[in-house]
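Only the coordinates and a few stated rules stand behind these numbers; no lab work does. Here the structure is a predicted model, which is why all the values come from computation and not from measurement. Note that each Cβ is placed from the backbone with ideal geometry, even for glycine, and that neighbours are counted across all protein chains shown.
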């Protein structure tokens, strides 16, 4: 399987998904926009992973490569490729599919449960998942659910935590892939986001080895289910 991933900043990487993409038989390539904005031909990959980042989907004037990135996502979807979007990546996928992206009513940073929808729990992609799962969050924006997509679920702070579209696109607003290193990097580069709010946890509470281990396992299970569905 040929996997290509799009990385927007050095401190938001594959995290626990590194183990999944590196499985025997996979060929992994990447575009790291902070180093090189060249994008691959769509026919060269089977799976496209779009990672997170602090920029927004509407910041095209500042990050001109966003236009080309959205076009690649559109071509990948049109060609029937599997597409996985995480946080910013989920917002980009949502916009490409015609849904609006805007500020969430509140910032959501820290460990908050995602309550999975009935439709998600009945779908093979979420086989083996509990109705409520822990997840790491770090976002201020949100998206509407694209037409013909299945809403994955919600949290107390955010109405839309993800969607499944046509068994082909998986969008997650939250981070199951976050590792201890990921969280340390976010704290180093984005600590200014930790402004007081009802759903913003203090820095000292973010390092939860127990939850990191649990969610990383969920990430691997979810990726396997999605590719096989």
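Some points to look at:
- Here the average projected area of the convex hull drawn through the C-alpha atoms of the stretch 2-228 stands at 11.5 nm².
- Treating r as the C-beta distance of residue 192 and residue 115 and R0 as 30 Å, the FRET efficiency rounds to 0.55.
- Label-point separation, residue 18 to residue 44 (7 Å along Cα→Cβ), nm: 2.3
- Placing R0 at 25 angstrom, the Cβ-Cβ distance between residue 224 and residue 166 gives a FRET efficiency of 0.85 after rounding to 0.05.
- Mean separation of Cα pairs under 8 Å and 6 or more residues apart, divided by the residue count, gives the chain a relative contact order of 20 percent.
- The slack in the chain from residue 26 to residue 67, taken as 0.36 nm per residue of separation less the alpha-carbon distance, amounts to 11.9 nm.
- Between the stretch 151-220 and the stretch 72-116, the alpha-carbon center distance in angstrom: 13
- 17 Å cut-off, amide nitrogen to a point 7 angstrom out along residue 58 Cα→Cβ, residues in the stretch 144-169: 144-145
- Its DSSP H runs of at least 4 residues, each contributing -39,500 (n - 2.57), put the calculated 222 nm mean residue ellipticity of the chain at -8000 deg cm²/dmol, to the nearest 500.
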